[in-house]
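The values are calculated or read from the model by the stated rules, or taken from the named source; none is laboratory data. The shown structure was predicted, so the numbers you read here are calculated from the model rather than taken from an experiment. Backbone-built Cβ (ideal geometry, glycine too); neighbour counts: all protein chains shown. These accessible areas exclude ligands, DNA and RNA; they are computed on the full protein's heavy atoms, side chains included. Shrake-Rupley method; radii C 1.70, N 1.55, O 1.52, S 1.80 Å.
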Amino acid sequence: MLSQIARDQGIRYFLISFTDLFGVQRSKLVPAESIDQMASDGAGFAGFAAWLDMTPADPDILAIPDPEQLIQLPWQPDVAWMPADLHTITGEPLEQAPRVVLKRVLKQAEDLGYRVKTGVECEYFLLSADGEDISDKLDRQSKPCYDQQALMRRYEVIREICDVMLSLGWGAYQNDHEDGNGQFEMNWKYADALVTADRHAFFKYMVKAIAEKHGLRATFMPKPFAHLTGNGCHTHLSVWDSSDKENLFYDPQGELGLSSLGYQFIAGVLNSAEALCAITNPTVNSYKRINAPATLSGATWSPNTVSYSGNNRTHTIRIPDAGRFECRLPDGAANPYLLPAALIAAGLDGIVHKLDPGIRRDNNSYTDPLPAGEAKTLPANLLDALRCLEKSEVIGKSLGKSFTSAYLKLKYQEWQQANAAITPWELDNTLDC
């Protein structure tokens, strides 16, 4: 029982947390004295108060936590965090809830005899407390990637975050300064897709909380500065057999060490890439990262065509090593649960229909782009991506009609609101028209 765990570990409060359609984490802080009942019956939430397709007239939704993923906050050990699945008041899973969506797609993979593993590279900026600028005024190199001095000036923050991951057994193995001034990335070992998604959700909360503790602000915003590289969330993926003993993507005889199954999966992702963008790149700001001109460092490090390559970072998919691939499309705003769900759905379609990804492209897409018509281009904006998702039978069917309908409805509203806003650029360029 959770109350016994609380007594044994000195936990006074539990955060029962769920992630809504826009990736916002919602929680209730539950005292240890009440946690057993909450864990059994669920914590009640008004669905309309979060980014879900619900109204004030709808009954409460219930967040039932997953005790197996309990994380005691190392920086605040009297509090523990647990991800939760949303249910209706009658006890049925809420079909549009992101964690429920991911579990549904993983069940589809399981039914085919597959177990999916993922890893994510979450880039973020450390800003001043007011969010106006990067926090380190000395971080000014045009090529700041791996800058030792800038990295160590933020040692206290980086160390504390990495120490947490080490204490939790995530297998954290490296931290670095990224390509944008004030930008960092921290890597931990891959795991089953649901485990990685829960860790991804907690990582974003943890980074923000520890940054605030040090008087800073962390952001995963895709493109917070026009002249700097944006925040990616590169996702590594492999498919294993149901016994978890064999990596089915690994083939020492295959091109680049990848099996035919792996290439079919890649083909499925490429086939649905434009629709995937609505989920992997889910904000208006996202398209200022994937369709950006060269940054201060000389490259955006984000793709602009639907193509795959070997160890080449200018394409949507990179095959850096045998037995896995990296999708470089997602950005920091991607929902930790919807991101793997959408990629897996697309990849499974490629396997089921034995799709062919075509020839590998080894060109530098930034300096030597493919001729027009040889590769599809990515959507120019969120509206284009949403329209592609609306047309996609692959993603819509796999992730579920309830989810797709809710997501599109709210995202179209977001686009309309953004489009109605008057920007400084418009004032600067058309006030005197």
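Cβ-Cβ distances below 9 Å connect no pair with a first residue in region 350-377 that is without any contact (Cβ under 8 Å) to a residue 24 or more places away in the chain, a second residue that is open to solvent by 70 Å² or more (accessible area, probe 1.4 Å) and of a type in the set (Lys, Arg), and a separation of six or more residues or different chains.
Can you tell me which residue is farthest from residue 414 (Cα to Cα) among those in region 43-66 that are open to solvent by 70 Å² or more (accessible area, probe 1.4 Å) and out of contact with any Gly (no Cβ under 7 Å at 6 or more places or on another chain)? Residue satisfying both the conditions and the ranking: 59.
So which of 347, 358, 332 ends up being out of contact with any helix residue (DSSP H, G or I) (no Cβ under 8 Å at 6 or more places or on another chain) and of a type outside the set (A, V, I, L, M, F, W, C)?
On the way: 347 fails: out of contact with any helix residue (DSSP H, G or I) (no Cβ under 8 Å at 6 or more places or on another chain); 358 fails: out of contact with any helix residue (DSSP H, G or I) (no Cβ under 8 Å at 6 or more places or on another chain).
Criteria check complete, one pass: 332.
You will find that of 157, 100, the residue that is closer than 18 Å to residue 336 by Cα and among the β-branched types (Val, Ile, Thr) is 100 and no other.
For the structure I just gave you, tell me whether residue 123 is out of contact with any helix residue (DSSP H, G or I) (no Cβ under 8 Å at 6 or more places or on another chain) and crowded, with 20+ Cβ neighbours inside 10 Å. Before you say what the answer is, go through the steps one by one.
On the way: out of contact with any helix residue (DSSP H, G or I) (no Cβ under 8 Å at 6 or more places or on another chain): yes; crowded, with 20+ Cβ neighbours inside 10 Å: yes.
In short, yes.
The single residue among 197, 226, 193, 201 that is in contact with a Ser or Thr (Cβ under 9 Å, 6 or more places away or on another chain) and modelled with pLDDT under 95 turns out to be 226. Number of residues in region 10-25 that are open to solvent by 40 Å² or more (accessible area, probe 1.4 Å) and either more than 14 Å from residue 335 (Cβ to Cβ) or assigned to a loop (DSSP other than H, G, I, E, B) (or both) equals 5.
Just checking, which of 48, 18, 22 is without any contact (Cβ under 8 Å) to a residue 24 or more places away in the chain and within 26 Å of residue 278 (Cβ to Cβ)?
Values: 18 fails: without any contact (Cβ under 8 Å) to a residue 24 or more places away in the chain; 22 fails: without any contact (Cβ under 8 Å) to a residue 24 or more places away in the chain.
After ruling out the rest, the residue left standing is 48.
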